[in-house]
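The values are calculated or read from the model by the stated rules, or taken from the named source; none is laboratory data. Keep in mind the model is a prediction, meaning the values are calculated, not measured. Please note: Cβ atoms are built from the backbone with ideal geometry, for glycine as well, and neighbour counts cover all protein chains shown. Each accessible area value is taken on the protein alone, full model and side chains, heavy atoms only, with ligands, DNA and RNA left out. Shrake-Rupley method; radii C 1.70, N 1.55, O 1.52, S 1.80 Å.
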2 protein chains.
Amino acid sequence: MLTLYTYFRSSAAYRVRIALGLKGLPYASAPVHLVRDGGQQHSPAYQAINPQQLVPALTTEDGTVLTQSLAIMEYLDEAYPDRPALLPADALGRARVRALAQAVACEIHPLNNLRVLRYLMQELGTTEAQKTAWYQHWVCTGLDALEAMLASSGATGRFSHGDRPSLADCCLVPQMFNARRFGCPLENYPTIARIVAACEQLPAFQQAAPEQQPDAQA
Amino acid sequence: MLTLYTYFRSSAAYRVRIALGLKGLPYASAPVHLVRDGGQQHSPAYQAINPQQLVPALTTEDGTVLTQSLAIMEYLDEAYPDRPALLPADALGRARVRALAQAVACEIHPLNNLRVLRYLMQELGTTEAQKTAWYQHWVCTGLDALEAMLASSGATGRFSHGDRPSLADCCLVPQMFNARRFGCPLENYPTIARIVAACEQLPAFQQAAPEQQPDAQA
């Protein structure tokens, strides 16, 4: 059985939960609470699993620990090729899907992580308003680019790439969840909004949502 | 002919230059100066190539524009399978190499980008010392994790994964170049230092170095 170390509100864990759902792979959830106990990801027990002290991590069926959400999703696609594919078959299409995923995972999300927001407040003494402005600035900068990439390409379909959900959608939907949560202005992203709405009709996306997780709080 | 939109000191462009060298692929350089003219990456001409306003971008032989350094390197590996591989053949090995690469590309580098440092200074009014502390904090946090991942694994060899350079090394070497440039304390990373020294003996790494680029300034 696959085991996912996860936190309900972690955007990176959310991506992998969607991917597991799209592949139709059952898994056990091992919750790691990022706030409680000073952050359970910093515990010696979890550090032995993932020295990066980040979620997600995934234990494969043979007990190997994998880290980094994009690497985990690519592994699932390679290890279970008979399940629905998260990447298209052609090299150019794969490059496009990966670039869309990385436009979220390398450009937006790393700047708005819990640990980064904490550093802003605790080390740089930013105000709540400055923290929110920071958050919204990087979300909007990234979504401006993504909207342009999606709206200008004939490869965009019902989903980010064609008419089947992909790795790009696994990254996009959690990012939009965060954007809404932090009140980012989203009216300039009609293509993204349309794709996210299509994703949210699918059970894999619905079941991966933070509020559906066993560790979600009231 | 492949064309790489590059800036000599861009860490992400540096990764792709190494990958092109390891694959033995000739390419044309199209320099995009990230500082001059208010940042040439923001020009309408470059935005038409890459709406993300970031380097690198790569034009393939059929004229398709690819973006995001990790996606570009994976494309090169898939499109030129007869050249030396940047990823191992097995799914678990590929997942490990990708996670090592992403531990740089998703956890360290995005926080220390030029645009982020500018935001700190211009919008948050940080001092030079606070900016440096920020830079060093994220580099050390990331390298602590990477050193633990590399030192604890039997899969680490002369390079990050076994005895052949991989995607992980393409990301590690530019990150260490940046770490040195910003005076980060590096004495706690013996495994990383050993791997970087092995990489720097190879022509692909030497020729990709910032100071070797046509657009490098005196």
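Quick notes on this structure:
- Answer from A:17, A:96 - the residue that is open to solvent by 40 Å² or more (accessible area, probe 1.4 Å), closer than 19 Å to residue A:175 by Cβ and either in contact (Cβ under 8 Å) with a residue 60 or more places away in the chain or touching a helix residue (DSSP H, G or I) at 6+ places or on another chain (Cβ under 9 Å) (or both): A:96
- Subset tally (residues that are part of a helix (DSSP H, G or I) and facing another protein chain (nearest Cβ under 9 Å)) for region B:93-127: 18
- Some residue of region B:136-147 being within 12 Å of chain A (Cβ to nearest Cβ), farther than 29 Å from residue A:129 by Cβ, of a type in the set (D, E, K, R) and open to solvent by 40 Å² or more (accessible area, probe 1.4 Å): yes
- The lone exception for residue B:60 - which of (1) open to solvent by 20 Å² or more (accessible area, probe 1.4 Å); (2) in contact with a strand residue (DSSP E or B) (Cβ under 9 Å, 6 or more places away or on another chain) it fails: (1)
- Residues satisfying the stated conditions in region B:21-49, i.e. out of contact with any helix residue (DSSP H, G or I) (no Cβ under 7 Å at 6 or more places or on another chain), part of a helix (DSSP H, G or I) and either open to solvent by less than 40 Å² (accessible area, probe 1.4 Å) or aliphatic (A, V, I, L, M) (or both): B:41, B:45, B:48, B:49
- Test: residue in region A:98-108 that is over 22 Å from residue A:52 (Cβ atoms), at pLDDT 95 or above and not assigned by TED's automatic domain parsing to the domain that holds residue A:10: yes
- When B:125, B:183 are checked against the criterion of being modelled with pLDDT under 95 and under 30 Å from residue A:137 (Cβ atoms), a single residue qualifies: B:183.
- Top-ranked residue of region A:170-217 - restricted to ones that are in a loop (DSSP other than H, G, I, E, B) and polar (S, T, N, Q), ranked as least open to solvent (accessible area, probe 1.4 Å): A:213
- Residue within region A:154-164 that is buried (at least 22 other Cβ atoms within 10 Å of the Cβ) and either in a loop (DSSP other than H, G, I, E, B) or in contact with a Lys or Arg (Cβ under 7 Å, 6 or more places away or on another chain) (or both) present: yes
- All positions within region A:1-20 that are part of a helix (DSSP H, G or I) and of a type in the set (Phe, Trp, Tyr): A:14
- Qualifying position, being under 14 Å from the mean Cα position of the chain (by Cα) and free of Cβ contacts under 8 Å to residues at least 40 places away in the same chain, among B:128, B:123, B:107, B:78: B:107
- Checking each residue in region A:20-55 for being under 16 Å from the mean Cα position of the chain (by Cα) and within 11 Å of chain B (Cβ to nearest Cβ) picks out only A:54.
- Each residue in region B:61-73 was checked for being within 7 Å of chain A (Cβ to nearest Cβ) and either in a loop (DSSP other than H, G, I, E, B) or not β-branched (Val, Ile, Thr) (or both), and 5 pass.
- Only residues that are more than 10 Å from chain A (Cβ to nearest Cβ) and either touching a Phe, Trp or Tyr at 6+ places or on another chain (Cβ under 9 Å) or open to solvent by less than 10 Å² (accessible area, probe 1.4 Å) (or both) were counted across region B:74-92, and they come to 1.
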